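Single-structure report; data block below.
The values are calculated or read from the model by the stated rules, or taken from the named source; none is laboratory data. This is a predicted model, so every value here is computed, not measured. Because the Cβ atoms are built from the backbone with ideal geometry, glycine has one as well, and the counts that use them run over all protein chains shown.
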Amino acid sequence: MWASARFSSDAAMTMPERWRRALALIFGLLVAWPLAVAAALSEQDLNDIRQVENYLAKLSTLQAKFVQIGPHGELAEGDLYLRRPGRLRFEYAPPAPQLVVADGTWLVLYDRELRHFDRLPLFETPLSVLLAEKIDLMEKVEVVRVERAPGQLQITMVDRKRPREGSLSLVFETPSLALRQWHVRDAQGAVTTISLSDTQLGVALRPELFVFREPGKFPSE
């Protein structure tokens with residue numbers, strides 16, 4: 001589901017290496033990570049997972065600022081817009097050229113500098129964990145670890161069908177269970193973190209935020 005997705009636009013094209021690396025940092029796509037070792041989940045783990053599922057299921061819209069820190073200190077930031085089910089937009093602030101839009105069916109990835117876009121089925125990406133109409137963390141993914149620290153809960157998961165292709169750690173604030181961070185770890189152990197701030201829930205979001213229109217061309221299908 002995570003690392004096997006195929007990218008396509010109106011014509012077949014090879015994804016630029018810069019964009020490929022950016023995707024790996026954002027979503028953990030297209031990289032092979034070490035197999036996360038699954039620990040037996042306790043009753044408390046299962047209860048925490050159910051509480052997170054309930055929180056996410058009640059989430060209708062979200063708007064937040066995000067900061068992305070790469071494994072070598074690379075910094076990017078911007079605005080995140082989310083509307084469940086299926087809609088999302090990562091609006092990167094300059095000088096970062098990336099734009100990411102999910103329209104309910106496709107995840108569109110656009111590089112403003114290269115004027116290049118690719119798209120893949122939304123629900124073949126890790127974003128399906130957050131954007132699915134029915135939130136079930138145990139259906140398509142396997143939770144391999146639940147960790148607790150003062151004020152936070154971290155859930156690490158892998159693709160159930162392809163556990164060697166990726167892992168994703170979601171960090172929630174406790175006791176509110178608000179989503180605050182996620183971490184991506186690559187095969188060399190390098191970690192990229194995306195943190196959310198100024199989060200607003202239940203806000204009205206313009207429908208056009210979730211429609212990709214390539215500048216000078218026609219809207220995506």
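Considering each of Leu99, Leu168 in turn, give the residue that is aliphatic (A, V, I, L, M) and either under 15 Å from Phe212 (Cβ atoms) or in contact with a Lys or Arg (Cβ under 6 Å, 6 or more places away or on another chain) (or both).
When all the criteria are applied, what remains is Leu99.
Could you tell me whether the range 162-170 includes any residue that is aliphatic (A, V, I, L, M), modelled with pLDDT under 80 and surrounded by 20 or more Cβ atoms within 10 Å (Cβ to Cβ)?
no
For the range 31-148, which strands (runs of 3 or more DSSP E) that fit wholly inside it have 2 or more residues that are under 18 Å from Gln181 (Cα atoms), of a type in the set (Asp, Glu) and free of Cβ contacts under 8 Å to residues at least 40 places away in the same chain?
Result: 75-83.
If I go through the range 89-130 residue by residue, how many of them are hydrophobic (A, V, I, L, M, F, W, C), in contact with a Phe, Trp or Tyr (Cβ under 8 Å, 6 or more places away or on another chain) and within 24 Å of Gln51 (Cβ to Cβ)?
Summing the residues that are hydrophobic (A, V, I, L, M, F, W, C), in contact with a Phe, Trp or Tyr (Cβ under 8 Å, 6 or more places away or on another chain) and within 24 Å of Gln51 (Cβ to Cβ) in the range 89-130 gives 1.
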